[in-house]
Amino acid sequence: MEYVEIFIDAEYVLQSLRSLYGKPFEVKMRKEDFKWGNFVKYILKNRKITQVNYYTARLDEVENKETYDAQTIFLEQIRQSLCAYNVQMRLGKMIKIKNKTQKTWNKQREVHTQFISWGQKGIDTKIILDLCRYAYEKDGEASKTAVLVSGDEDFAEVLGVLKEKNIRTEVIIFNRRDTRGFAKTLQEVADSFTVLSYDDCIKRNIL
């Protein structure tokens, strides 16, 4: 029996929806359009699921109550859609990042304007730790497969660790207009490497 555990970098998936190759420009993608249950079913292909790990970062409630509440509702919808697959919500934090300083000039003084954006904290670490945990778990003689849904090449080394432990590794990425080289390092290390376009997602009822 082959057992599969899935590791989903949710922010990567949601960002990919905005620029999927083949998506008509007039089609506006919403995160609610992605059918997580059908996506996991496509990944499994009748294999036995261990669990689905869904990684995302939460905004602090005090920063923006409206956004926090909307995310709470969305995450509960994900949890319900994947409840049959033993979904584990692995949450990091959203933190403020100072990008750069822009100098503008008026007739009296320089004005320094700091640009703030938001970034995820702790997500990559959680994914790596969970992949390592999966590598060293004892499951008797069971055949194990780790499926990573991410285009981040920083995960290539830990996938190599799994392969050393005789665990099959599969990577699924999305064909984005801004993707260059399709995560070559991940492609080189993974036993299976799949690239999904907009048409692929439509065909498989993922969108």
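Descriptive notes on the structure:
- Rounded to the nearest 10 Å², the accessible area of Ile128 at probe 1.4 Å: 60 Å²
- Inter-probe distance in nm under a simple model that places probes 7 Å from Cα toward Cβ, at Lys203 and Leu75: 3.5 nm
- Taking other residues whose beta carbon is less than 11 angstrom from the beta carbon of Thr67, and scoring Lys, Arg as +1 and Asp, Glu as -1, yields -3.
- Aspartates and glutamates with Cα under 18 Å of Lys28, excluding same-chain neighbours fewer than 8 positions away: Glu11, Asp178, Asp199, Asp200
- Extension gain (nm, one decimal) between Arg18 and Lys65, 0.36 nm per residue minus Cα-Cα: 14.4 nm
- When the listed pairs Lys31/Lys138; Lys31/Lys93; Lys45/Lys184; Lys48/Lys126 are checked against a 29 Å cut-off, the alpha-carbon distance exceeds it for Lys31/Lys138.
The values are calculated or read from the model by the stated rules, or taken from the named source; none is laboratory data. Keep in mind that what you see is a predicted model, and the values were worked out from it rather than measured. Quick reminder, even Gly has a Cβ in these numbers, built from the backbone with ideal geometry, and neighbours come from all protein chains shown. Accessible surface is based on the protein model in full, side chains and every heavy atom, while ligands, DNA and RNA are left aside. Shrake-Rupley method; radii C 1.70, N 1.55, O 1.52, S 1.80 Å.
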